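Q: Provided herewith is a single structure, encoded as structure tokens, for subsequent inquiry.
The values are calculated or read from the model by the stated rules, or taken from the named source; none is laboratory data. In this text, all values refer to a predicted model and were calculated from it rather than measured experimentally. Cβ placement follows ideal geometry from the backbone for every residue including glycine, while neighbour counts extend to all protein chains displayed. Just the protein is used for accessible areas: all its heavy atoms, side chains included, with ligands, DNA and RNA removed. Shrake-Rupley method; radii C 1.70, N 1.55, O 1.52, S 1.80 Å.
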Amino acid sequence: MNELADKVGPPLWLLAELTYRCPLQCPYCSNPIDYASQKSELNTEQWLDVLRQGRAMGAAQLGFSGGEPLVRQDLPELIAGARELGYYTNLITSGLGLTADKVDTFAQAGLDHIQVSFQASDPELNNAVAGSRKAFDQKLAMARAVKAAGYPMVLNFVIHRHNIHQMNDILALCENLDADYVELATCQYYGWAFKNREGLMPSKSQLVKAEQEVNQYRADLMDRDQPMKVIFVTPDYYEERPKGCMNGWGSLFLTVAPDGTALPCHSARLLPIDFPNVQRQPLNDIWYHSPGFNHYRGDSWMPEPCRSCDEKGKDFGGCRCQAYLLTGNADNADPVCSKSPHHDRILAARTAADHATAGLEDLTYRNAHNSRLLYRG
Ligand code: FES
């Protein structure tokens, strides 16, 4: 263990999942399915202590996320504390619960960056996916308030089979809002999104068309002085090699869940691994010495085909959470890899996406009622 710890650098990115509470019900949420049973949250002083410890270890980027971080009344205090410590801070929000006054308060507290998410380019689809009748208008107003406060406008859309046909309309909406950065992130299948995968995953032909539209848009922007920056994150289910998830387990990213559980990624609490908690162990110990964080560091844990693969230093065997969700064993190669003996599970998902007929009404929405039902099951 100690030999491993010697080779590990500090956690440069700290993600503070302040709460699992959220006013929206997106069926692609990556929060744990059993979130409704996890009610405890670190208090203000405990969070500030986590931030202090993280910064002392070398963390420089801090994300406030959730759930919806705006439901935490102490958010201005946490932002101010983070600013004092010297973090670059990012608020990842749905915009629900935000007001122009709050944006100003956050700016005064020293918040560096705000990312507002949308579900679609029009109110009907946006609100249906979000499970809230007023979400779209509120998001529009808050995106404008963020820009008016002098922040760059950073918009995020999770793309799936029900909105992927809107690519041109989404880009037009972003232009209309004078966005600076747009992230079109094709859904990743963890948490609620995994539960709803068949109803969310786009078909190959949908994906090809969407990519063409984004590329055409980028080409049309070439002549502009300051073009909106558009990032299109393609789904790994259509790749032949896995993503180097989190840049390697326990290498850069440290997530702290609402109850203080420390995780190498936002999904890892689903794994059959005992993860440490910041209420019981110093962050430095957790990062460098806990069995949970050391579990998949290095490559000695890898079975074949990863162990002898010449790409293992690039993709680290892929995503541990995806390996677990798709094969029941997180040690396995990520089935996205065409060398994986379980790659058939990815191929089957692609075939299912080509024939899927599920509508929005067939998805399981992320809410406390469904969480309790599923968790009991
Ligand atoms: Fe957990 Fe990839 S999301 S390792």
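Q: In whole percent, what relative contact order does segment 1-137 give with Cα contacts below 8 Å and a gap of six or more residues?
A: The value is 27 percent.
Q: Given the DSSP H assignment, sum -39500 (n - 2.57) over each helix run of at least 4 residues in the chain and divide by its residue total; what's the result at 222 nm in deg cm²/dmol, nearest 500?
A: Computed ellipticity for the chain at 222 nm equals -11000 deg cm²/dmol.
Q: Could you list, in their original order, any pairs among Lys209/Lys229; Lys243/Lys339; Lys7/Lys243; Lys229/Lys312 whose Cα atoms are separated by more than 24 Å?
A: Pairs exceeding the cut-off: Lys229/Lys312.
Q: Moving on to the next point. Starting from the Cα of Leu252, move 7 Å in the Cα-to-Cβ direction to define the label point; list residues of segment 302-339 whose amide nitrogen is under 12 Å from there.
A: none
Q: How many angstrom separate the Cα center of segment 322-377 from the Cα center of segment 15-73?
A: 25
Q: Just to be sure I understand: with springs between alpha-carbon atoms less than 10 Å apart, which residue in Ile164, Ile33, Ile273 has the highest mean-square fluctuation in the Gaussian network model of the chain?
A: Highest fluctuation of the listed residues: Ile273.
Q: Right, something else. Tell me, what is the FRET efficiency for Arg224 and Asp285 to the nearest 0.05, using R0 = 45 angstrom and their Cβ-Cβ distance as r?
A: With a Förster radius of 45 Å, E is 0.35.
Q: Do you know the relative contact order of the chain, to the nearest whole percent, from alpha carbon pairs under 8 angstrom that are 6+ apart?
A: Relative contact order here is 21 percent.
Q: To check you understand DSSP bridge types, tell me what percent of the beta bridges within segment 10-376 (both residues inside) are antiparallel, rounded to 5.
A: The antiparallel proportion sits near 10 percent.
Q: Still on this structure, I have one more. What is the packing order of peptides 170-176, 102-108, 195-201, taking the mean over residues of other C-beta atoms within 10 Å and listing the highest first?
A: 195-201, 170-176, 102-108
Q: Let me ask something else about it. Kindly report the accessible area of the chain per residue (heavy atoms of protein chains, probe 1.4 Å, no ligands, DNA or RNA), in Å².
A: On a per-residue basis, the chain sits at 43 Å².
Q: Okay, next question. First check a/c for segment 259-315, with a ≥ b ≥ c the square roots of the eigenvalues of its C-alpha gyration tensor; if it is under 1.5, answer rounded, and if not, answer prolate when a/b is larger than b/c or oblate otherwise.
A: prolate
Q: Still on this model: Between Ala107 and Leu373, what is the label-to-label distance in nm when each label sits 7 Å out along the Cα-to-Cβ direction?
A: In this crude label model, Ala107 to Leu373 measures out at 4.3 nm.
Q: Right, here's the next one. Computing the accessible area with a 1.4 Å probe over protein heavy atoms, can you report the carbon and sulfur percentage for segment 10-376?
A: Answer for segment 10-376 is 50 percent, counting heavy atoms of protein chains only.
Q: Still on this model: Mean 1/r over all different Cα pairs, inverted: what Kirkwood radius does segment 195-338 give, in Å?
A: One decimal place: 17.5 Å for the Kirkwood radius.
Q: How would Phe232, Phe118 rank on accessible area, largest to smallest, probe 1.4 Å?
A: Largest accessible area first, the residues go Phe232, Phe118.
Q: Still on this structure, I have one more. Provide the descending list of Cα extents for the chain along its principal axes, expressed in whole angstroms.
A: Rounded to whole Å, the extents work out to 53, 50, 48 Å.
Q: On to the next question. Separation between the Ala100 and Gln73 pseudo-spin-labels, each 7 Å from Cα along Cα→Cβ, expressed in nm?
A: Distance between label points: 2.6 nm.
Q: Once the cut-off is 20 Å, how many percent of the Cα-Cα pairs in segment 277-377 end up in the long-distance tail?
A: 60
Q: Now a separate question. GNM on the chain, C-alpha springs below 10 Å: top fluctuator among Asp236, Asp285, Asp331?
A: For the chain, modelled as a Gaussian network with Cα springs under 10 Å, the answer is Asp285.
Q: Let me know the whole percent of all Cα-Cα pairs from segment 1-93 that are separated by more than 21 Å.
A: 38
Q: Take the alpha carbon gyration tensor of segment 118-236, find the square roots of its eigenvalues, order them as a ≥ b ≥ c, and report rounded if a/c is under 1.5; if not, report prolate when a/b exceeds b/c, else oblate.
A: oblate
Q: Points 7 angstrom from Cα along the Cβ direction at Asn329 and Trp301: gap in nanometres?
A: Placing both labels 7 Å beyond Cα along the Cβ direction yields 1.5 nm.
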